[in-house]
Amino acid sequence: MQPKAVSVSKSIAPSPQFKWLMMGMLALAFVLMQTVMAYAKPESLAPLAEKISPSVVNITTSTTVEGRTGPRGIVPEGSPFEDYFREFQDRNNDGQTPSPRKSSALGSGFVISEDGYVVTNNHVIEGADEITIEFFSGEELTAKVIGTDPNTDIALLKVEAPNPLPFVTFGDSNAARVGDWVIAMGNPLGQGFSVSAGIVSARNRALSGTYDDYIQTDAAINRGNSGGPLFNMDGAVIGVNTAILSPNGGSIGIGFSMASNVVTRVVDQLKEFGETRRGWLGVRIQDVTQDVADAMGLSTATGALITDVPDGPAKDAGLKTGDVIMSFAGVEVQDTRGLVRQVGNSAVGAAVRVTVLREGKTQTLKVTLGRREDAEDDSTPAADPEEGAEPQGPETVSMLGLTVTPLTDDMREEYDADESTNGLAVIEVDEASEAFEKGLRKGDVITEAGQQSITTIADLEDRVTEARDAGRKSLLLLVRRAGDPRFVAIGLDE
């Protein structure tokens, strides 16, 4: 016989031990919460500020400015009163040229060694005749410039002090996380030593420079803070306050500090050589966008596409236009910005392995790096071609939203093309086309299509046919404007 099932409901009172256990767990949770809150927001930053303040300095520069002979600054240029005020100034100057005058500027900096090395921004001391360093104690010393780097806006100064100076050390900016607390110190608006606090708002910001790597912060940074340090909660410098984004010139909580991992390399070179010595590969490059990747048959839009290889280390090593640099010195290349920074951080004369994708296959080449500072500056922006009569060529065709004709010797001057450039000249662009949307204009010269050189209309038509037969949706064109090359992928539906 099966036993009968019986449902029993019973209330069990917790034991005293269980009550004490629960109370203990709640107390522990409360303590942990208080600890987390205390860690997230310190009760006071005063102890840290007192510790690091003696290493922060105010910087005053003096520059000689030539006297002005015109009424600029008194009336708007072109004003009908301009002649009147010029005569007024001439009478007061007795017809003599105004004497040069002294102009002062203020900034900030910080001491990085007990023997008096000081870091600041290049724009703080650029063109200065005299640089005065004021310490937290009120003592003033004259500084000399050891070296500057306009590319990262960093300058290294040196003062001779009778006693060892209080100094701070650099921290690892790569360890800084978005949301970490930071302190900015300096001389805002010439008001003297000041402290502001905030958080890391963003990382790896780029403004306008080739080697930019900025930490964005909402710690108040104003004019006069330039060159001052950005500290983490351990009192280590993780950035040099350099710029703000503001519609009115004052802080709105968007400030930028050059990351310490960039600054330390620059400072080391300035201290050793008095100048920077960056590696140089010797190529012009552009990012591999998704449409470029599709046109080249690449699975992912990564790497750096070579648009030109002038005389230099890369050309000597066998790199070619159209190669996609996939890795440099064993590090995968994500985009051009990362590659430029990695090359710049490499030692001059170093032999590095560069892996490229060429015609669907990878090749590894060994390149001996040159020095960026010794290389000719090939980064001059391309000028818009002058307007003129539409060139007459032996043959024209309209395709892909472009009207093109073979480039002739008579057209080279008008199109800013040198004698070595061959290809098809763009004489018209349909404003409703993808080509116009992607920036192609009259005056451009197409030198390659489908990563093959073209010189005739038939060459371009063959490349279009080959791309369509291969099932590709776009064609990769190498376009030169005033000699400056770039790749553009144009859809084949045009």
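Bear in mind that the values in this text are calculations on the coordinates, not laboratory data. Quantities reported herein were computed from a predicted structural model and do not represent experimental measurements. Here Cβ is always computed from backbone atoms with ideal geometry, including for glycine, and neighbour counts include all displayed protein chains.
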Dipole in debye (nearest 20) - the stretch 255-363, about Cα centre, beta carbon charges: Lys, Arg +1; Asp, Glu -1:
280
Approximate spin-label separation Lys320-Lys473, in nm, with each point projected 7 Å along Cα-to-Cβ:
2.9
Asn422-Thr63 pseudo-label distance in nm [points 7 Å out on the Cα-to-Cβ vector]:
5.1
Quickly rank 320-328, 461-469, 144-152 as a protection proxy: mean count of other C-beta atoms within 10 Å, highest first.
320-328, 144-152, 461-469
Which of the listed residues, Val178, Ser137, Leu157, is farthest toward the dipole's positive end in the stretch 116-197, when Lys, Arg count +1 and Asp, Glu count -1 at the beta-carbon?
Val178
List the GluC sites (Glu not before Pro) within the stretch 397-436 that DSSP assigns to loop and that have no more than 14 neighbouring Cβ atoms inside 10 Å.
Glu413, Glu419, Glu431
What ³J(HN,Hα) values, in whole Hz, does the Karplus curve 6.51 cos²θ - 1.76 cosθ + 1.60 give for the stretch 419-434 when θ = phi - 60°, with x put for Gly and Pro?
5, 7, 8, 10, x, 10, 8, 7, 9, 6, 10, 5, 5, 9, 8, 5
Full-stretch length increase - Asp180, Glu413 - with 0.36 nm per residue and alpha-carbon distance subtracted:
78.3 nm
Using the Cα centre as the reference, give the magnitude of the dipole from point charges on the C-beta atoms of the stretch 138-287 (Lys, Arg: +1; Asp, Glu: -1; all else neutral), rounded to the nearest 20 debye.
260
Net charge over other residues, Cβ less than 11 angstrom from the Cβ of Tyr211 (K, R count +1; D, E count -1)
+1
Note the full-extension length gain between Asp115 and Glu272 as 0.36 nm times their separation in residues minus their Cα-Cα distance, in nm to one decimal.
55.0 nm
Output the direction-averaged projected area (hull surface divided by four) of the convex hull of the alpha-carbon atoms of the stretch 284-381, in nm².
6.1
Under-5 Å amide H pairs with Glu448, H placed in peptide plane, nonlocal only:
Ile454, Leu478
Loop-only check: which chymotrypsin sites (Phe, Trp or Tyr not before Pro) in the stretch 163-245 are DSSP coil with at most 12 other Cβ within 10 angstrom?
none
Net charge, Asp335 excluded, C-beta distance under 14 Å - Lys, Arg +1, Asp, Glu -1:
-2
For the stretch 397-491 the translational diffusion coefficient, Stokes-Einstein from a Kirkwood Rh over Cα pairs at 25 °C and viscosity 0.890 mPa s, in µm²/s, is roughly 188
Quick one: net charge around Val159, please, counting Lys, Arg +1 and Asp, Glu -1 for every other residue with C-beta under 15 Å from its C-beta.
-4
Fully extended, how many nm does the chain gain between Asp430 and Leu189 (0.36 nm per residue separation, minus their Cα-Cα distance)?
81.5 nm
Only sites in a loop by DSSP and with at most 16 other Cβ atoms within 10 Å count here; which GluC sites (Glu not before Pro) in the stretch 266-373 make the cut?
Glu275, Glu359
With a point put 7 Å past each Cα toward its Cβ, work out how far Leu245 is from Thr456 in nm, to one decimal.
5.3
Can you work out the Karplus-derived ³J(HN,Hα) for every residue in the stretch 349-362? Use 6.51 cos²θ - 1.76 cosθ + 1.60 with θ = phi - 60°, whole Hz, and x for glycine or proline.
x, 6, 9, 10, 8, 10, 9, 10, 9, 10, 6, x, 10, 8
